[in-house]
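To start, the structure under review is shown below, and the notes come after it.
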Amino acid sequence: MAVVLGLGLIGGATAGAVINHGPRPEPPVAAGSPEAFAKVRTVWRNAPVDQLFPPTLTDHGGGPGGADRAWSRVGVAPPAGCAGAFDPLLQRVLAPVGCARLLRATYVDTTSTTVTTVGLLITSGEAADMAALGRRWSAENLGGRADLLPRPVAFPGTAAARFGDRQRGSWTVQISDDLPIVVYAVSGFADGRTVPTPQAAQKAEAPDSTTATAQAGLGYDAIDLASAVDDRVQAAAQAQLNPSAHPAPAQSPSGTPGPSRQAPPSASSNPSPAKKHS
């Protein structure tokens, strides 16, 4: 009886240990590791499209002269490859990091004056490839070259129906150092007018810029929307890498995320976990 009782106590203690100690949380993945890059490449499949490209976005006080800005999504392109998505020289610059998947959405501002395509490039390269691209982008100031532009996506029957290459007015490209992510935005006029000389978004945002592109806020559109989408992609990526530390974000009653204006990221100043070059 003593032996049986002893076994019962041991068995009960073991069962209690199993009950009291559930499955351990998955350990975080080291940033920049091949495992981390593999996990992040699944973000586009695991995150809802409304999480990455919200139906509406708002920036209070972020426009020219401190004006409020707001945008509505007019269309989302099907996930695709990168063929034809960039000007040829930009395609060549991005080639070393590869193209696993490209997601794009186009927005219109509340006045139906400007339209902006935002793109999320999931690269197939590894950390060394992304770091090399970031160094080259900064060292050669590639973000300011008007022959390295992303191409827009037009949606028939919307304010962006006439948004083509000749309508591009401003743009920005943000490259992550330690995640396989490139986020970009290209903006233009909804009325289909051509822009002879596009202006990089950071130049168009400068207080002393007097071009039509700057006065219309196209630089603000490009940077605001690229930064807003990049924030959401970074959050989704970090949730993939460390699920236990990143619960699902709360949403407003309408299901639309709130404002997310921040300064454009650079190699030396960036509030998010991943370094970026723009």
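The values are calculated or read from the model by the stated rules, or taken from the named source; none is laboratory data. Just so it is clear, the structure is predicted and the values come from calculations on it, not from any experiment. Neighbour counts are summed over all protein chains in view; Cβ atoms, including those assigned to glycine, are modelled from backbone coordinates with ideal geometry. The area values use the complete protein model at the heavy-atom level, side chains included, leaving out ligands, DNA and RNA. Shrake-Rupley method; radii C 1.70, N 1.55, O 1.52, S 1.80 Å.
For this structure, a couple of remarks:
- With K and R counted +1 and D and E -1, the other residues having a Cβ less than 12 Å from that of Ala77 yield a net charge of +4.
- Probe 1.4 Å, all protein chains present, accessible-area order of Tyr184, Tyr220, largest first: Tyr220, Tyr184
- Gain on full stretching of the segment that runs from Asp129 to Arg166 - 0.36 nm per residue minus C-alpha separation: 10.2 nm
- Amide H partners (placed H, <5 Å) of Asp59, local residues excluded: Arg69, Ala70
- Highest to lowest packing among 130-142, 187-199, 79-91, scored as the average C-beta count within 10 Å: 187-199, 130-142, 79-91
- Listed values for segment 190-199 are Karplus-derived 3J(HN,Hα) couplings in whole Hz (6.51 cos²θ - 1.76 cosθ + 1.60, θ = phi - 60°), namely 6, 7, x, 5, 7, 10, x, 10, x, 10, and x replaces Gly and Pro.
- Distance in nm between pseudo-label sites at Ser112 and Arg193 (7 Å out along the Cβ direction from Cα): 1.7 nm
- Extending 7 Å from Cα along the Cβ direction at Ala83 and again at Asn141 yields two label points whose distance is 3.6 nm.
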